[in-house]
1. Filter the GluC sites (Glu not before Pro) in the range 19-88 down to the DSSP loop ones having no more than 16 other Cβ atoms within 10 Å, then list what survives.
2. How large a share of the accessible area of the chain, in percent, is made up of carbon and sulfur atoms when the probe is 1.4 Å and the other protein chains stay in place?
3. Using alpha-carbon positions, what is the distance between the centroids of the range 55-94 and the range 228-287, in Å?
4. Counting only heavy atoms of protein chains, what accessible area per residue, in Å², does the chain have with a probe of 1.4 Å?
5. Give me the aspartates and glutamates in straight-line cross-link reach of LYS243: C-alpha distance below 12 Å, same-chain residues under 8 apart excluded.
6. How large is the charge dipole for the chain, taken about the Cα centre, if only the Cβ atoms of Lys, Arg (+1) and Asp, Glu (-1) carry charge, to the nearest 20 debye?
7. Filter the trypsin sites (Lys or Arg not before Pro) in the range 36-98 to those in DSSP coil with at most 15 other Cβ atoms within 10 Å of their Cβ, and list the result.
8. In this model, which of LYS166/LYS267; LYS225/LYS267; LYS131/LYS288 are farther than 22 Å apart at the alpha-carbon?
Amino acid sequence: MRKEMAELDVGVVIVNYNTRELLRRCLQTVQASRGVTFEVCVVDNASEDGSAAMVEQEFPQVRLIRSPVNGGYAYGNNLGLRAFGFGEPGRTPRIRYALLLNPDTEVPPDALARMVAFMDAHPEAGAAGPKIVRPDGSLDLACRRSFPTPEVAFYRFSGLSRLFPKSPRFARYNLTFLDPDQTYEVDSVVGAFMMVRREAILQVGLLDESFFMYGEDLDWAYRIKQAGWKIYYYPEVVVLHVKRASSRMSPRARYEFNRAMWIFYRKHYQATTPAWLDLLVRVGLVLKGGWRLWREMRRDLRERREAPVFSASER
């Protein structure tokens, strides 16, 4: 008889694109983790800096997936999640928690164990994330967020959230009115370090690959909460994040950020948004995303109008 492999606490998925030196440091810190059983899967999205060769040579215990194309963050993470057994009907993955981790992060030796202990103590938690800080010690504001409803997004893009960072109304997007050293239930944590319960993934599915490099974590969190799970910000664990190391100042990154906002809005809010507000949202996105985003929005809306409509008896 075939012996079943032992269950693991955590399956770590790291999606890399041209961040070899940061990835090396990230893997060194992850491999130093203690008090928890884990495996690491690095998905290299067609890097050109020798990242994959470095992993193969220096970290032979790490599972390496060489993607022939840079399909984006959601695409890469899904490759890693599938390697751990998710997305296969009838199969129960052997990891209890999946951890999405950016290659430009550094984790303390007890970070994984403490996050697992927190999740174990909160069976209602579908996902959780730690306090994430920048190299200068400041808080990475993305590590705890509210969903970007039209109202919340307006407060952010109009600058009201920056003018009134302590306002529970205007500062909801990054929750800057909350104490960064207290645990809270939140709408979303960031995909730079996002620990997700196996049962939540089996219930809601993998990441939406319509998103290229932003928004997929928000969308996943939205679906997890819609399925009845809670999401927590847990600042007892602190992780370093060199933010946007592979995309800093990239025009593509700026475009994809605004494109992600459109996809998220179209997917979760547009159908219930009044026509006048929908127009304002789309105008605002075009002003930020430019001509290229406007063309994509037009195509998406045209495809929606042309999609066949079935009656209840035809479904």
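1. On the way: sites: GLU21, GLU39, GLU48, GLU56, GLU58; in loops: GLU48.
In loop regions of the range 19-88 (DSSP not H, G, I, E or B), the sparsely surrounded GluC sites (Glu not before Pro) are GLU48.
2. Numbers: 8180 of 15280 Å².
It is 54 percent, rounded to a whole number.
3. If we compute the Cα centre of each part, the gap is 25 Å.
4. Details: 15280 Å² over 315 residues.
With all protein chains present, the chain gives 48 Å² per residue.
5. Hits, sequence-local ones excluded: ASP104, GLU106, ASP136, ASP140.
6. Numbers: 45 positive and 37 negative charges, 193 e Å.
Magnitude of the dipole: close to 920 debye.
7. Details: sites: ARG63, ARG66, ARG82, ARG91, ARG94, ARG96; in loops: ARG91, ARG94.
The qualifying sites are ARG91, ARG94.
8. LYS166/LYS267; LYS131/LYS288
The values are calculated or read from the model by the stated rules, or taken from the named source; none is laboratory data. These numbers were taken from a predicted model, which means no experiment stands behind them. Methodologically, a virtual Cβ is constructed for each residue, glycine included, from the backbone with ideal geometry; neighbour enumeration extends over all protein chains shown. Ligands, DNA and RNA are stripped out before the accessible areas are found, and what is left, the full protein with its side chains, is counted by its heavy atoms. Shrake-Rupley method; radii C 1.70, N 1.55, O 1.52, S 1.80 Å.
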